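Reading through the structure tokens given below for one structure.
Nothing in this text is a laboratory measurement; each read-out follows from the coordinates by a stated rule. All values reported here derive from a predicted model rather than from experimental measurement. Neighbour counts are summed over all protein chains in view; Cβ atoms, including those assigned to glycine, are modelled from backbone coordinates with ideal geometry.
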């Protein structure tokens, strides 16, 4: 027998997230999107993530859904606490625009 720890059913946790963790979560969501092969599977496969119940999603759709919920909560909290800054970024076609590099 192995003992494991699991949160109680009524547990609600407040966690602290810094910008680096937020950016890592965003990068994880992009990696998951790339692995979903939406071009191969079609837009419907991607849309299922928000239309099907969690139990009916495949493992990659579940992972994406989970990360999106986490990012949503982080962004909601940052908005409520006014922890966002606004900045302008160049778009393709703007003078000085440099294509971002994904590593």
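Note on residue 76 and residue 31: with the Förster distance fixed at 30 Å, the Cβ-Cβ geometry gives a FRET efficiency of about 0.85. The label-point distance for residue 101 and residue 83, in a model that sets each label 7 Å from Cα toward Cβ, rounds to 3.0 nm. The ranking of 1, 24 from fewest to most other beta carbons within 10 Å of each one's beta carbon is 1, 24. Per residue, the average separation of C-alpha pairs within less than 8 Å and at least 6 apart gives the chain a relative contact order of 23 percent. Residue exposure proxy: 85, 74, ordered by other Cβ atoms within 10 angstrom of their Cβ from fewest to most, comes out as 85, 74.
Between rounded, prolate and oblate, where does region 37-82 land on the alpha carbon gyration tensor, with a ≥ b ≥ c its root eigenvalues, rounded for a/c under 1.5, else prolate if a/b exceeds b/c? Judged from the Cα gyration tensor, region 37-82 comes out prolate (a/c at least 1.5, a/b above b/c).
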